[in-house]
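Everything on this sheet refers to the single structure shown next.
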Ligand SMILES: *Cc1c(COP(=O)(O)O)cnc(C)c1O
């Protein structure tokens with residue numbers, strides 16, 4: 001186990017003086033110095049507090065130049081207006097804000113339909129703060145379903161396990177840890193840089209609560225082969241009688257595949273797929289934090305996990321970790337459904353994919369890099385430095401160099417068994433236009449040519465390499 005260490009931000013905070021001064025233009029008498037780590041006795045004018053926070057966050061990166069995140073950093077002005085007008089809504093107050101609750105319901109129906117649920121009007125689904133909460137709920141449903149089935153058969157329920165690839169998003173490690181489920185990793189390899197069906201068969205057994213393929217692996221953007229995994233589990237069932245469900249983590253792909261790869265079969269068309277999550281705040285094109293989880297049919301969510309909240313004098317079934325949660329993002333999701341329609345979602349995602357493919361070709365053609373993914377699954381491209389190209393610099397140096405232009409592009413090692421490969425990744429989102437892409441490419445070439453001009457290796461503190469969290 002790694003030893004617990006104070007976070008770097010915490011350490012650097014301690015290097016600062018315990019008080020800071022306030023611009024005399026804003027401060028009143030007595031407000032000239034503000035303690036950094038204690039609450040002040042007296043308050044201050046709203047303008048002064050605003051200015052202090054405003055000035056500090058100027059040190060954050062520019063969200064539009066953040067090519068690391070999958071999460072929406074720009075919405076159009078009408079959406080901003082709707083957001084501003086609905087910030088006060090609490091999603092759990094279904095009785096007080098019945099129309100917001102009704103709109104959440106509608107979004108659930110729309111997603112169930114988009115993903116081919118056999119009964120989109122009757123199945124169950126909920127909005128969440130993001131895919132993380134949605135994955136926890138999906139995983140909990142798998143665990144409870146397995147427990148209930150095992151109890152009926154009089155079998156022990158103390159050793160549940162769950163199967164995913166080593167390239168799974170960290171939330172699944174958390175799920176396994178927090179809910180006492182053994183994680184069984186199928187490691188990625190150069191031949192199978194995704195969850196391999198054969199590898200799945202090698203680790204599943206009677207205690208497997210489910211298998212979780214990812215539609216749009218966070219490291220690379222690849223789709224894991226859901227249909228092939230489902231087929232492997234069908235054959236496994238015919239041999240062993242064990243019926244192992246699939247939850248698809250479609251955090252990013254759930255809003256891409258229906259539009260850009262409509263013929264790809266990955267969703268509820270596969271009967272083994274019992275639940276799917278997506279991040280509304282990724283390619284759903286809504287500001288953070290919004291996620292969704294939808295079950296194939298109402299029966300696929302064990303009844304004993306459902307709570308009822310008061311709703312227009314009646315009862316509304318809910319399944320959530322949070323109680324209070326902002327409701328505005330749900331309204332923004334519905335705004336996008338209305339505003340864009342299927343054609344609009346196609347156009348927006350296609351534009352991102354076009355930018356991703358333009359950039360991947362240009363980066364490939366430069367010479368030093370080998371593409372890992374080119375944006376043909378989700379609009380994400382990733383590449384490595386060609387083996388033996390240089391010993392003077394690496395992708396971490398390139399990442400730091402790009403940062404001097406304001407661009408935030410992470411470099412990181414792949415997970416086991418490919419941890420010796422370092423890659424760099426760009427996530428193309430709505431708002432990263434072809435114009436910005438050209439500007440990025442120019443800076444990218446400048447950064448590489450600067451690094452190429454070095455006479456010797458850049459001094460390294462490898463502690464600061466691979467600091468990116470997925
Ligand atoms: C982003 C992501 C998550 C976590 O989702 P949040 O919406 O950030 O909570 C989980 N799984 C995958 C595959 C992701 O890409």
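The values are calculated or read from the model by the stated rules, or taken from the named source; none is laboratory data. Computed from a prediction, not measured in an experiment: that's the story for all the values here. Glycine gets a Cβ as well: all are built from the backbone with ideal geometry, and neighbour counts include every protein chain shown.
Just one of (1) farther than 25 Å from residue 426 by Cα; (2) part of a helix (DSSP H, G or I) trips up residue 321, so point out which.
(2)
Hey, any hits in region 43-62 for a residue that's farther than 30 Å from residue 379 by Cβ, loosely packed, with under 14 Cβ neighbours inside 10 Å, at pLDDT 90 or above and in contact with a strand residue (DSSP E or B) (Cβ under 8 Å, 6 or more places away or on another chain)?
no
Which residues, counting only those in region 204-219, are within 11 Å of the ligand (Cβ to nearest atom) and surrounded by fewer than 24 Cβ atoms within 10 Å (Cβ to Cβ)?
Selection gives 218 alone.
May I ask you to list pairs of residues, at least six apart or on different chains, whose Cβ atoms are under 8 Å apart, with the first in region 283-306 being at positive phi and the second being outside any loop (DSSP other than H, G, I, E, B) and crowded, with 24+ Cβ neighbours inside 10 Å?
285/255
Taking only region 282-318 into account, find how many residues are assigned to a loop (DSSP other than H, G, I, E, B), more than 14 Å from the ligand (Cβ to nearest atom), under 18 Å from residue 117 (Cβ atoms) and touching a helix residue (DSSP H, G or I) at 6+ places or on another chain (Cβ under 9 Å). Steps first, please.
As a first pass, look at region 282-318 and keep what is assigned to a loop (DSSP other than H, G, I, E, B): 282-290, 296-297, 301-302, 306, 312-313.
Now drop any that are not more than 14 Å from the ligand (Cβ to nearest atom), which leaves 296-297, 301-302, 306, 312-313.
Now narrow it down to the ones that are under 18 Å from residue 117 (Cβ atoms): 296-297, 301-302, 306.
Narrowing further to those that are touching a helix residue (DSSP H, G or I) at 6+ places or on another chain (Cβ under 9 Å): 296, 301-302.
Here the count works out to 3.
Look through 117, 131 and report the one residue that is within 12 Å of the ligand (Cβ to nearest atom) and touching a residue at least 12 places away in the same chain (Cβ under 8 Å).
Exactly one residue qualifies, and that residue is 131.
Within region 269-281, track down each residue that is in contact (Cβ under 8 Å) with a residue 60 or more places away in the chain, touching a helix residue (DSSP H, G or I) at 6+ places or on another chain (Cβ under 7 Å) and more than 30 Å from residue 64 (Cβ to Cβ).
Once the filter is applied, which keeps residues that are in contact (Cβ under 8 Å) with a residue 60 or more places away in the chain, touching a helix residue (DSSP H, G or I) at 6+ places or on another chain (Cβ under 7 Å) and more than 30 Å from residue 64 (Cβ to Cβ), region 269-281 yields 274, 275.
Is it the case that region 91-106 has a residue that's within 15 Å of the ligand (Cβ to nearest atom) and buried (at least 22 other Cβ atoms within 10 Å of the Cβ)?
no
Only one of 244, 229 is under 23 Å from residue 278 (Cβ atoms), touching a strand residue (DSSP E or B) at 6+ places or on another chain (Cβ under 9 Å), in contact (Cβ under 8 Å) with a residue 12 or more places away in the chain and within 16 Å of the ligand (Cβ to nearest atom); which?
229
Looking only at region 28-54, count how many residues are under 30 Å from residue 440 (Cβ atoms) and either touching a residue at least 12 places away in the same chain (Cβ under 8 Å) or within 16 Å of the ligand (Cβ to nearest atom) (or both).
0
Can you list the helices (runs of 4 or more DSSP H) lying wholly within region 124-213 that have 3 or more residues being closer than 16 Å to residue 302 by Cα, touching a helix residue (DSSP H, G or I) at 6+ places or on another chain (Cβ under 9 Å) and in the same structural domain as residue 93 (by TED's automatic domain parsing)?
The helices (runs of 4 or more DSSP H) meeting that bar are 131-152.
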